[in-house]
Amino acid sequence: MLRLPQTLPARQLAGYRVLVGLVAGAKALELGASPLLGTAASPLFGVGPVLPAPVWLALGAVMGLAALAVVTGWHARPAALLVGLCTAGFVWGAGYYSNHTYLLFTVAVLLSFTDCDAAWSVRSRRGGGGDGGTERVWAPPVLVLRAQITVVYAYAAISKIRPDFLSGNGLASWARDSVLVPAAALVPAVLVPMAFGAVLTELFVAFALWSSRLRPAAVVAGVGLHLGMIVVLSDGLHAVVELGLFATLTCGGYLLFADRVPGAGGVVVPRQRRSEPALPGVLTRR
Amino acid sequence: MSSLVRRRLAVWLLAGVVAFEVAVPAVGLITTDPPRRYSWSMFVESSTTYAYTGRAADGTTRPLDTGTLPWPQSTVHYGSTVPDLLCGAHPDLVAVSRTWDGLPEREQPC
């Protein structure tokens, strides 16, 4: 039976916060500049006026500053929420939908629920104690982020269980534009096992991350899956960057599944924030 | 409100968020076709229209239907699987060509 922890390490969450902030910074640059680079924004929320490019550039600037705050951990929770709101502005306001942008919106909002600036942040440095900050954070909001990672992989797998994908047609149609895949590899003996393998790998990663015994294999499989996607599906530098950002958001989320800090042992008494109620059990064995 | 009650309420709210995370893609999966949004349906379909044309010895060409070919081989629209099957099903043909979204691929001799 799956036992859910009461607290989780703060540093892994902080590490994911930094990664999300970096992705948000890159997307702020891309989304803000999109109208200037030839990808016109849709009418506002699909029905309003078409806003001029400087408006989206300004929104990108705000999102970029919020991303910087997320990376440094300066008021990281409101900054993460601001990243989410700016991303929502681009996705629904300007019509710049893509799955990884939607994922950025989702994880940024969920990150704002967590105590993501408990370590490796301006707040933790000001609080003293080196850069360690608080050792552990309240688990439930982090578990929601974990669930989001699982949901992404599980639905990615389920939605691929259809003849057009499993026959290898999808992989063939994208791979033929890849400079890294030889034409000789575009045969059923290669692509059909790859298609089935992709679905099985996504299902495995979705659920094996929750098991401490299977987690190392899930991490290797997940990273391999994303590297494979970059090799097979990329038809240029832009696709490499986009798939790389998606991989950062998902593979970075593997950090959240660590229940303990590698190499650390002993008993830890988590430091409480004044704003937080006392934990049911403050003594946690790692 | 005591801290314990507040924390329990927060846990229930977070459980609601997880239910929302699960429900939104499920609804999309059931009610929409690819390419879907908000359902994590990534790289699901090829979005490509395939068409086959046969060339006879006298140079005439005609469109070919893959519907009569054995399944699932008939669904594999890359490599030589379907052209080989079409050549076998139509002995008068000397070559079969395929288009992807109207763009010609190479012609395969029978």
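Read-outs: derived from the displayed coordinates by stated rules, not from any lab. Given the structure is predicted, the values throughout are model-derived calculations rather than measurements. Ideal geometry is used to build each Cβ from the backbone, glycine not excepted, and the neighbour counts take in all protein chains shown.
Placing +1 on each Lys and Arg Cβ and -1 on each Asp and Glu Cβ, with no other charges, gives segment B:50-109 a dipole about its Cα centre of roughly 40 debye. Between the amide H of A:V137 and those of A:L8, A:A10, distances stay under 5 Å, these residues lying 5 or more places away or on another chain, with hydrogens modeled in the peptide plane. Based on the Kirkwood radius over alpha-carbon pairs, what is the Stokes-Einstein translational diffusion coefficient of chain B at 4 °C with 1.567 mPa s viscosity, in µm²/s? In µm²/s, the coefficient is 72. Here is the P(r) of the protein assembly as shown: all C-alpha pair distances, binned every 10 Å from 0, give 5, 19, 26, 22, 14, 8, 4, 1, 0 in whole percents. Which one of A:I230, A:I149, A:I158 has the biggest mean-square fluctuation once chain A is modelled by GNM with Cα springs under 10 Å? Result for chain A, Cα springs under 10 Å: A:I158 fluctuates most.
A Cβ-based charge dipole, computed about the Cα centre of the protein assembly as shown with Lys and Arg at +1 and Asp and Glu at -1, lands at about 2320 debye.
The mean count of C-beta atoms from other chains within 10 Å of the C-beta of residues in B:2-15, rounded to a whole number, is 3.
Below 14 angstrom from the Cβ of A:F196, what's the summed charge of the other residues (Lys, Arg +1; Asp, Glu -1)? Numbers along the way, then the final one.
Details: positive: A:K160, A:R162; negative: A:D164, A:E202.
Neighbourhood net charge equals 0.
Residues within the reach of a label modelled at B:A26 (point 7 angstrom out along Cα to beta-carbon, backbone nitrogen below 15 Å), restricted to segment A:144-161, are A:148, A:151-152, A:154-156, A:158-159. Taking segment A:7-127 on its own, what percent of its Cα-Cα pair distances exceed 21 Å? Of the Cα pairs, 36 percent sit more than 21 Å apart. Among A:H238, B:H90, A:H226, a tally of other beta-carbon atoms within 10 Å of each Cβ gives an order, fewest to most, of A:H238, B:H90, A:H226. Note on A:V62 and A:L200: their simple-model spin labels are 4.9 nm apart, each label 7 Å out from Cα toward Cβ. Seen from B:G54, the other residues with C-beta closer than 11 Å to its C-beta sum to a net charge of 0, counting Lys and Arg as +1 and Asp and Glu as -1. Taking B:R36, B:R55, B:R98 as the candidate residues, the one with maximal mean-square fluctuation in a Gaussian network model of chain B, Cα springs under 10 Å, is B:R36. Of the residues A:S42, A:S212, A:S159, the one that moves most in a GNM of chain A with alpha-carbon contacts below 10 Å is A:S159.
Footprinting exposure proxy ranking of A:L111, A:L51, B:L9, A:L245, fewest other C-beta atoms within 10 angstrom first, gives B:L9, A:L51, A:L245, A:L111. Per the Cα gyration tensor, segment A:69-177 maps to an equivalent ellipsoid with semi-axes of 36, 17, 12 Å, ordered largest to smallest.
A Förster radius of 30 Å, combined with the Cβ-Cβ distance separating A:W92 from A:V223, puts the computed FRET efficiency at roughly 0.40. With the simple model of a label 7 Å out from the Cα in the direction of the Cβ, B:V11 to B:T49 spans 5.6 nm.
Within 15 Å, Cβ to Cβ, of A:W174, how many net charges do the neighbouring residues add up to if Lys/Arg are +1 and Asp/Glu are -1? Summing Lys and Arg as +1 and Asp and Glu as -1 gives -4.
Kyte-Doolittle mean at least 0.5 and Cα extent at least 30 Å along the axis: which DSSP H helices of chain A qualify? Let's see the in-between values first.
Numbers: long enough: A:10-33 (34 Å, 0.82).
The answer, listed by residue number, is A:10-33.
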